[in-house]
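Derivation of every value follows stated rules applied to the coordinates shown; laboratory data play no part. Just so it is clear, the structure is predicted and the values come from calculations on it, not from any experiment. Here the Cβ positions follow ideal geometry from the backbone for every residue, glycine too, while neighbour counts run over all protein chains shown.
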Amino acid sequence: MFLNSPEHNFIWQGTDKKILCQLSMLERSMAQSSEDQALLVEESINHAKEAVMLDIKDGNSWYNLGNAYLTSFFASGAWDKARLHHSIKAYQNAEKDETMKLNPDLYYNCATAYKYLENYESAIRGFEAAALKDPALRADIEVQKIINLLDKLENAMKVPSVTIVSALANCSTGHELTELSHWSHLSFSLDRVMLLNGYAYM
């Protein structure tokens with residue numbers, strides 16, 4: 001039975017935002033090993049939206065929606081940048097909730113979205129904020145990767161155009177798709193705090 005079937009919708013009628021967020025997380029987890037990956041990720045987005053509609057001031061619901069959009073970006077091949085913009089908007093709304101400012105993953109995930117949009121200045125700020133809140137995230141490594149990339153690009157601009165093309169081709173850190181190509185690993189990390197702390201932000 002699909003999670004958006006009439007039977008399922010009847011069961012979940014009248015549910016609250018916490019359960020909807022958990023359901024959204026579950027769908028992302030299920031998508032990792034499912035042939036209906038795209039469908040489950042879209043259902044994750046839909047349930048995250050439902051949670052937001054129940055309480056538009058709840059930061060965790062917005063955070064969950066941002067995670068759903070960011071996961072969908074990688075699940076769909078990491079080309080639809082509109083999903084990155086949607087995730088960033090959701091993360092920005094999440095940050096308006098004072099309780100969410102304690103969540104280092106909020107800043108890390110938002111920074112990840114900025115990185116793939118090539119907005120490196122905002123990405124660095126986000127990773128630095130995440131590193132200050134939780135050194136275990138090792139977000140400082142992400143900062144250094146971006147700095148190294150920008151250094152490579154700056155150096156490339158000082159050499160002939162043929163060499164620039166070669167340098168850019170070798171800048172695997174530009175989008176670092178190899179690092180996160182297995183988006184299921186990202187899906188796990190996105191929900192790290194909620195899973196490890198018994199849905200501490202739920």
Sparse-neighbour loop sites [trypsin sites (Lys or Arg not before Pro); region 17-121; at most 12 other C-beta within 10 Å; DSSP]: LYS57, LYS96
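Taking the Cβ of each residue in GLU50, GLU154 as the centre, tally the other Cβ atoms inside 10 Å and list the residues starting with the fewest.
GLU154, GLU50
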How far apart, in nm, are the 7 Å Cα→Cβ label points at MET157 and ILE56? 4.1 nm
Ranked on Cβ counts within 10 Å of their own Cβ, fewest leading, TRP79, TRP62 go TRP79, TRP62
Largest first and in whole Å, what are the equivalent-ellipsoid semi-axes of region 63-146 based on the Cα gyration tensor, each being the root of 5 times an eigenvalue? 19, 16, 10
Determine which lysines satisfy two conditions relative to LYS96: a Cα distance under 23 Å, and not lying fewer than 8 residues away in the same chain. LYS17, LYS18, LYS49, LYS57, LYS115, LYS133
When we measure straight from the Cα of LYS152, which aspartates and glutamates land under 17 angstrom away, once same-chain ones fewer than 8 places off are left out? GLU118, GLU121, GLU142, GLU176
With 10 angstrom as the radius, rank PHE127, PHE74 by how many other C-beta atoms surround their C-beta, starting from the fewest. PHE74, PHE127
